[in-house]
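The values are calculated or read from the model by the stated rules, or taken from the named source; none is laboratory data. Quick caveat: nothing in here was measured; it's all calculated off a predicted structure. So basically every Cβ, Gly included, is an ideal-geometry build from the backbone, and we count neighbours across all protein chains shown.
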Amino acid sequence: MYGHVENQVRDAAFLGVRQAWQSIEEPACQCINVVAKARLSRHTGDAPGKLLQAALADNRIQAETIECVMQAVTTAAPLLQRFLRTKARLYAKDLIGFQDLSVGMPAPHDPTPGPACRQEDFPALFETTLPGVAQTFSELLDRKWLKLGNAVSGNFGDFCAPFPKIGQCRVVVNFSGSLADLNTLALELGHAYHASILGQRRFWQQQVPVTLAETASTVAEAVFRRAALDRAQEQDNSAWHTADILMLELNKAVTYLALAPSAFVFEQSLYRARAGGELPVAQLNALSRQSQEHFFAGAVTSEAMRSLPGSPISCSTSRVIHTTISLIFSATCCQNSLWKCLQTLTLPNDSKTS
């Protein structure tokens, strides 16, 4: 629902999610404390710095790489904030909330034009650049290993589940047909194709770092968006379709250059603070807010930064330090296209944003 074009729908969804999180914030806080303490004790003997070293080793990344990437995204924060302020004006808001980060371009008229492409176009979109992904998509469809739907039809998330021993894979996508959903489908197909390649390897060669796994999906996303951008030129309302795809690129830039880095900063501060004792809800919220302020200050409502949904605290038990590192690192695969969008996209009512 965060991708809905109506402000009221997104705002109501955010309010509902926030209230749900607030109703369980105490047990959630206890879970985060237990997980953080267990990781500290198990890997480092209560030394937070060594926990990062273990994650770097698991993901085969040097500390200098992370330092370099974090320096780059920190430097880019003002440009990204300018984009977010412009996006707020597109939706007649003073500042946007986390519920607005993934929404696309406002519709030029009613009804909203459909996306520039559909799932049936995937074989053609990938056949030149990544023919293996096109083949994987066709196989998943033919064998009924791909499920597209929503919560009503039993889908509650997006995932790819490989079964290497039998050489099969299952993909589920929370899907309504929007451009963002198609991008998510491309992401999961990237995982499925990668799994099909790994399935042909010996067992020990199948054990790859998360960085490599996420890079496979990120490349598939980038190829999809590039192909969709080319196809948009052939559609009615081609200018709007082009702007909508570029907005998707910018939304992904926010994920890679702001959300993932702020989660990385939060989890480092979480483990440092947890080494000194158990953390109450108020302190966890403060750590969460502080980690986001540099990347989002002046561009996202302060209320959003104080809230659980959309902030790193809401996914700390699953997005552990390994995954945040991998997301930051995988962004380098499509960095050129992201920066091109940031530098060239001109939006209405902001002559300075380009």
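A few notes on this one:
- Condition met for ALA13 (in contact with a helix residue (DSSP H, G or I) (Cβ under 7 Å, 6 or more places away or on another chain), of a type in the set (Gly, Ala, Ser) and either surrounded by 16 or more Cβ atoms within 10 Å (Cβ to Cβ) or at pLDDT 80 or above (or both)): yes
- Subset of the stretch 66-82 that is buried (at least 16 other Cβ atoms within 10 Å of the Cβ) and either in contact with an Asp or Glu (Cβ under 9 Å, 6 or more places away or on another chain) or β-branched (Val, Ile, Thr) (or both) - its residue that is farthest from PHE296 (Cα to Cα): ILE66
- Some residue of the stretch 300-312 being crowded, with 19+ Cβ neighbours inside 10 Å, at pLDDT 85 or above and part of a helix (DSSP H, G or I): no
- Among residues that are over 30 Å from LEU52 (Cβ atoms), in contact with a helix residue (DSSP H, G or I) (Cβ under 6 Å, 6 or more places away or on another chain) and either surrounded by 16 or more Cβ atoms within 10 Å (Cβ to Cβ) or at pLDDT 85 or above (or both), ARG18 is not included.
- Of all residues in the stretch 173-207, those being in contact with a helix residue (DSSP H, G or I) (Cβ under 8 Å, 6 or more places away or on another chain), of a type outside the set (S, T, N, Q) and crowded, with 16+ Cβ neighbours inside 10 Å number 17.
- Among the residues of the stretch 1-26, the ones that are within 23 Å of PHE175 (Cβ to Cβ), among the hydrophobic types (A, V, I, L, M, F, W, C) and outside any helix (DSSP H, G or I) come to 2 in all.
- Residue that is modelled with the lowest pLDDT [pool: residues in the stretch 128-175 that are within 16 Å of ALA216 (Cβ to Cβ) and assigned to a loop (DSSP other than H, G, I, E, B)]: PRO164
- Contact map, the stretch 76-105: residues that are closer than 16 Å to ARG10 by Cβ paired with residues that are among the acidic types (Asp, Glu) and assigned to a helix (DSSP H, G or I), Cβ distance under 6 Å, separation 6+ or inter-chain. Pairs shown: GLY104/ASP244; MET105/ASP244.
- Residue count, the stretch 38-48 (criterion: assigned to a helix (DSSP H, G or I), at pLDDT below 80 and surrounded by 13 or more Cβ atoms within 10 Å (Cβ to Cβ)): 2
- Selection over the stretch 165-180 of residues that are among the charged types (D, E, K, R) and without any contact (Cβ under 8 Å) to a residue 12 or more places away in the chain gives a count of 1.
- So THR86, is it more than 30 Å from GLY277 (Cα to Cα) and touching an Asp or Glu at 6+ places or on another chain (Cβ under 9 Å): yes
- GLU278 being assigned to a helix (DSSP H, G or I) and under 30 Å from ALA63 (Cα atoms): no
- Boolean, PHE266 is buried (at least 19 other Cβ atoms within 10 Å of the Cβ) and touching a helix residue (DSSP H, G or I) at 6+ places or on another chain (Cβ under 6 Å): yes
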